[in-house]
Amino acid sequence: MLLGLSKQVEEEKALSDMSQNGNPINKEEQNKMRIAIPVTAGRLSAHFGHCEQFAIIDVDSGSKNIQSELLVTAPAHESGVLPKWLAEMNVEMIIAGGMGQRAQQLFAQNNIEVTVGAPGDEPRNVVLQYLAGQLQCGQNICDH
């Protein structure tokens, strides 16, 4: 009986260590997180839905290092477009200045964590502050 239970635990662990495509996940991939920052004029945008671009930043949450950065042009601002688009890019977290409640709900439905009230700094600095536990967030400046 104990042997059967042990095998079940091993199988569950193996499944939890597999990526969605069935390949084993190594320790590096387990610590990898993708963060999106809305950007206007090279800085975190105060109004999420009206940004020019998104900084997509891959981090190692274990070592707290930035692994890669990419700026992508934002699609047209229409209801529900950004949550789906960012989810398709495997974004797990958004750090924003201001974001409406409906947008926050849509991101939650797409399993994307949202942090609002972040300062208008360069995206890299925002992420480094977040990783260091030093990101000072104020009020959500968006009221819709």
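For the reader, a short list of remarks on this structure follows.
- Among the conditions (1) in a loop (DSSP other than H, G, I, E, B); (2) at pLDDT 95 or above, the only one that Q139 does not satisfy is (2).
- Residue selected from the stretch 114-132 under the condition over 12 Å from the mean Cα position of the chain (by Cα) and outside any helix (DSSP H, G or I), by the criterion surrounded by the fewest Cβ atoms within 10 Å (Cβ to Cβ): A132
- Residue within the stretch 75-91 that is surrounded by fewer than 19 Cβ atoms within 10 Å (Cβ to Cβ) and in contact with an Asp or Glu (Cβ under 9 Å, 6 or more places away or on another chain) present: no
- Residues that are out of contact with any Leu (no Cβ under 6 Å at 6 or more places or on another chain), in a helix (DSSP H, G or I) and not acidic (D, E), drawn from the stretch 76-92: V81, L82, K84, W85, L86, A87
- The residue pairs whose first member lies in the stretch 72-88 and is among the polar types (S, T, N, Q), whose second member is part of a loop (DSSP other than H, G, I, E, B), and whose beta carbons are closer than 9 Å, counting only pairs six or more residues apart or on different chains, are T73/E52.
- Within the stretch 93-108, restricting attention to residues that are in a loop (DSSP other than H, G, I, E, B), buried (at least 20 other Cβ atoms within 10 Å of the Cβ) and among the small types (G, A, S), the residue that is farthest from the chain's Cα centre (by Cα) is G97.
- Checked against the criteria, N111 counts as in a loop (DSSP other than H, G, I, E, B), closer than 21 Å to R34 by Cβ and either of a type in the set (G, A, S) or in contact (Cβ under 8 Å) with a residue 24 or more places away in the chain (or both).
- Residue among A132, A118 that is in contact with a Cys (Cβ under 6 Å, 6 or more places away or on another chain) and within 22 Å of D58 (Cβ to Cβ): A118
Table: residues versus (1) more than 19 Å from F54 (Cα to Cα); (2) touching a strand residue (DSSP E or B) at 6+ places or on another chain (Cβ under 8 Å); (3) basic (K, R).
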position: F107; (1), (2), (3): no, yes, no
position: E113; (1), (2), (3): no, yes, no
position: A118; (1), (2), (3): no, yes, no
position: D121; (1), (2), (3): no, yes, no
position: R124; (1), (2), (3): no, yes, yes
position: Y130; (1), (2), (3): no, yes, no
position: G138; (1), (2), (3): yes, no, no
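The values are calculated or read from the model by the stated rules, or taken from the named source; none is laboratory data. Everything quoted here is computed from the prediction, not taken from an experiment. Neighbour counts run over all protein chains shown; Cβ positions are idealised from the backbone, glycine included.
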